[in-house]
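Novice: For reference, the structure I am asking about is given below.
The values are calculated or read from the model by the stated rules, or taken from the named source; none is laboratory data. On a predicted model such as this, the values are computed, not experimentally measured, just so you know. Here the Cβ positions follow ideal geometry from the backbone for every residue, glycine too, while neighbour counts run over all protein chains shown. Surface accessibility is based on the protein's heavy atoms, side chains included, excluding ligands, DNA and RNA. Shrake-Rupley method; radii C 1.70, N 1.55, O 1.52, S 1.80 Å.
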Amino acid sequence: MCIRDSFRGIPGLWACVRPDCPAVDEPFRGRRPCGKLYSEPRLWCECGARVLEVFTCRFCGLIFLGGIPDDPALGGRASLWPYEYDMEGLSREERIKRFRLFITEEPRADRPVQFRSWATTRVVHRDDPAAVKFWEEEGRSEDGERNPFPWTCPRCYGTAYQRDSGSAREVIEPLDTMGHQAFAVLCEEFFRFQPGGSYAARRPDTTPNSGWGNWQVGPCPPEPPESVNGGRKVITFADGRQHAARFAGDLAYSHRRDVFRQLMLLSLEEHSGEPIMARDLHSELLRLCIENAIDPLDKPDGGGQLDFWELRRTDPPEMTRLANDALWSVIRREITDRQLGLEALGVARWLIAPGGSIENLERVPAFPGFSQEESRILLTNVIRILAAEGIVLPPNNDPYYWTQIPGGGIPSKLLSLESLSGGFRWSPKGRNRLTRYLHSLLERRTTSLEDLMDAIWQTFLSGGLIRSTAAGPGTWGIPITLLALGSLPENIFACDSCGFILAEAIDAVCIRCGGSSRQTTIQELEENRPNYYRRSALNALRPSTPDPFPLHVREHTAQIRVIDALERERHFKGKFRISGDSPDNPYRDRVDVLSVTTTMELGIDIGELCAVGMRNVPPTVANYQQRSGRAGRRSDGVAFVYTM
């Protein structure tokens, strides 16, 4: 039997610029940042107001509206339109480069407000009958060219970043569900819920004749290698090489992020939810990686792909050194992630352990204007804010060591009392997430910001919570080894403005945007605010799913060498050379998902397969039949074909 599904994404969201739009259904009227929403572009709302495209901050959800100016020479004073007819031949990225954005909800108190007409979107006087509030966004300049997106969100200070490919992942993004990421989610779900094969995983023995099980002493991966993922396979089709290649990279990258988050939750569960020091967590991750056949070195480096499994058999010390660096980088990334980190998702939290012990948090001295319990919470939240800024040192206290690790990212940001290029200045005169958070707390207290920051700084120094860095005198950072992963309390806080999850809060103030939070429970959070990434992380704790599992994704297009294409086909079928000059390594060479173009439509038998995905609707019925016919050829079970 073959089940065929189609998923229709939306190219984006468009909104009426009039907040009091009468076209909005009665139950949804009230305090809104914009009017009626539309799933397709249009020039005018039913109420007569202009319609523009919706963009949001991917961290806090701050809403922007964007359009194309009718006269670029007028800059921000021009009238905006959702599209132009002469842009049909341009890519979506090229079209968006022409946009101008403005913010429809107050990003912060010191941002000047302006007014536009909901009828023309031109700048008008506040007394104009059609005037609506907005906050201008100028974007940024890159190599002399204007980019409509800011590098930093004006509300939560989330930032864009450079991908491994060199392109930027913007902090402000359109709301479309037709991109590679949405398709990657579908493919991973179809892979996950396939029935496993008949292979029985077992612990390998360590005798010289045990084939791939000839390991050194220590944790071992499942054996035989075919048991990894239970024979689950997915093939995906796209009509262009760029789409196929980009999808392969996106799926591999996103799954890698998810799987290490799952391993951390597994380790926390093994410790019954008790806090785990980062150094212990680091050791646990290496063990869990090996036991689940997950390669911690699966990142490109200067010489290509490192063979972790071969190194483990032939050079354990070198394997350990490389894996140690890679896993410290993984922990650092999870600590600094403000959007998809364990605490932001509401599944775990990070704590500071003064002197290497969580119990020492109870001895934190009271800060001016705060009780001892509030001071403990305040210290923890300040550390979380600084950690999210990237002020996390590796075990050797060298902030530049991260750049020496493949995939390690940028150097640690340096904490300083003076202005420092690329650093974070500890000063009450600063304008950043920390001072905004502290300002919000002090609105109901008589303590000055300067006195409070001085008291916190002295606690940092006396408690050894920050250390001098190898970058020079006057620079500090938070040692990653003083952080610990712990479980969340039953009652947590969720910000009403940006949705950020906090384990503990003072006066219900959000540490990300400074807004107001409300107390809730983890169960209520699951029911009222379902989140794909939270569900994905928690799959590791559900016996009904195969998580955590490795996922090897490869591209198969006309752009790769013929010998490489044949090799990937063979590995996708589960056929490996076990002898000769260059034997295969099933743990490294296995292919779980093959991202292909029309090269796989005809003449190639890919054997047992029960799931086929199509990135787009094929151009003809014959193309659809050829592609969908790959699934269920020799299977007695159910085959799945899904099209986006």
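Novice: With +1 on each Lys and Arg Cβ and -1 on each Asp and Glu Cβ, how big is the dipole of the stretch 95-165 about its Cα centre, in debye rounded to the nearest 20?
Specialist: 220
Novice: Per-residue HN-Hα couplings for the stretch 131-141, Karplus 6.51 cos²θ - 1.76 cosθ + 1.60 at θ = phi - 60°, whole Hz, x for Gly and Pro?
Specialist: 6, 10, 5, 7, 10, 5, 10, 7, x, 9, 10
Novice: Output wanted: per-residue J couplings in Hz (rounded whole) for the stretch 256-269, from phi through Karplus 6.51 cos²θ - 1.76 cosθ + 1.60, θ = phi - 60°, x for Gly and Pro.
Specialist: 4, 4, 5, 5, 6, 5, 5, 5, 5, 5, 4, 4, 5, 5
Novice: Can I ask one more? Can you find, among A508, L386, G356, the residue farthest towards the positive end of the dipole of the chain? Put +1 on the C-beta of Lys and Arg, -1 on that of Asp and Glu.
Specialist: Of the candidates, A508 comes out farthest on the positive side.
Novice: Using per-residue counts of other Cβ atoms within 10 Å, averaged over each peptide, order 125-132, 611-618, 55-62 from highest down.
Specialist: The densest-packed peptide leads the list: 55-62, 611-618, 125-132.
Novice: Suppose a student asked you for the relative contact order of the chain, using Cα pairs under 8 Å spaced at least 6 residues apart; what percent would you report?
Specialist: Once normalised by length, the contact order is 15 percent.
Novice: Roughly how many whole Å is it from the C-alpha centroid of the stretch 237-295 to that of the stretch 361-411?
Specialist: Going from one Cα centre to the other spans 23 Å.
Novice: Roughly how many percent of the accessible protein surface of the stretch 331-373 is carbon and sulfur, given a 1.4 Å probe and a whole-percent answer?
Specialist: 51
Novice: What FRET efficiency comes out for the pair S371/R535, r = Cβ-Cβ distance, R0 = 35 Å, nearest 0.05?
Specialist: E between S371 and R535, to the nearest 0.05, is 0.40.
Novice: Mind checking the per residue accessible area of the chain for me, 1.4 Å probe, whole number of Å²?
Specialist: Dividing the accessible area of the chain by its residue count gives 44 Å².
Novice: Out of the total accessible area of the stretch 473-558 (probe 1.4 Å, heavy atoms of protein only), what percent is carbon and sulfur?
Specialist: Of the solvent-accessible surface of the stretch 473-558, carbon and sulfur hold 46 percent.
Novice: As an exercise, identify the chymotrypsin sites (Phe, Trp or Tyr not before Pro) in the stretch 1-38 lying in DSSP coil whose Cβ has no more than 16 other Cβ atoms within 10 Å.
Specialist: Sites meeting the loop and neighbour criteria: F7.
Novice: Sort 394-402, 134-142 by packing, meaning the average of other beta carbons within 10 Å per residue, with the highest value first.
Specialist: 394-402, 134-142
Novice: Roughly how many percent of the accessible protein surface of the stretch 5-123 is carbon and sulfur, given a 1.4 Å probe and a whole-percent answer?
Specialist: 53
Novice: Over the stretch 515-557, consider all pairs of different Cα atoms and compute the Kirkwood hydrodynamic radius from their mean reciprocal separation; express it in Å, one decimal.
Specialist: For the stretch 515-557, inverting the mean 1/r across all distinct Cα pairs yields 13.4 Å.
Novice: When the dipole is taken about the Cα centre of the chain, and only Lys, Arg (+1) and Asp, Glu (-1) are charged at their Cβ, what size is it in debye, to the nearest 20?
Specialist: 640
Novice: Something else now. Placing +1 on the Cβ of each Lys and Arg and -1 on the Cβ of each Asp and Glu in the stretch 395-551, which of M453, S497, G472 has its Cα farthest towards the positive end of the resulting dipole?
Specialist: Final value for the positive-end residue is G472.
Novice: So, in nm, how far is label R77 from label V638 when the simple model puts each one 7 Å beyond its Cα toward the Cβ?
Specialist: So the label points at R77 and V638 sit 6.3 nm apart.
Novice: By how many nm would the segment from E138 to R570 lengthen if fully extended, with 0.36 nm per residue of separation less the alpha-carbon distance?
Specialist: 150.3 nm
Novice: Okay, next question. What is the chain by shape, rounded, prolate or oblate, if you read a ≥ b ≥ c off the alpha carbon gyration tensor as root eigenvalues and call it rounded for a/c under 1.5, prolate for a/b larger than b/c, and oblate otherwise?
Specialist: Judged from the Cα gyration tensor, the chain comes out oblate (a/c at least 1.5, b/c at or above a/b).
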